[in-house]
Amino acid sequence: MIWTLAFWKGAGERAIKTAAQTAVGLMGTSALIQQVPWTVVASGTAMAVVLSLVTSIGNADFTAGLPELPASS
């Protein structure tokens with residue numbers, strides 16, 4: 001199931017959303033201490049993306065979505 005286009009579209013979308021959420025969260029937290037350590041933001045975001053992809057692989061059927069129904073004639 002993980003070798004389908006639907007799976008990788010779902011996993012990619014999840015990873016992008018996770019990256020955005022993590023980066024914003026880390027920047028917001030860093031702003032509280034008046035300085036954004038970009039290496040920390042980048043490494044934290046990268047780790048979140050890896051974990052998101054692992055989660056997608058662990059739940060491949062859900063990530064790929066519902067199977068497409070054949071077109072009716």
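So the values come out like this:
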item	result
Tally of residues being aliphatic (A, V, I, L, M) and without any contact (Cβ under 8 Å) to a residue 12 or more places away in the chain across region 1-45	9
Residue among Gln35, Gln21 that is open to solvent by 80 Å² or more (accessible area, probe 1.4 Å) and either in contact with a Cys (Cβ under 6 Å, 6 or more places away or on another chain) or part of a loop (DSSP other than H, G, I, E, B) (or both)	Gln35
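The values are calculated or read from the model by the stated rules, or taken from the named source; none is laboratory data. Since the model is a prediction, treat every value here as computed from it, not as a measurement. Positions of Cβ are backbone-derived with ideal geometry, glycine not excepted, and every protein chain shown enters the neighbour counts. Each accessible area value is taken on the protein alone, full model and side chains, heavy atoms only, with ligands, DNA and RNA left out. Shrake-Rupley method; radii C 1.70, N 1.55, O 1.52, S 1.80 Å.
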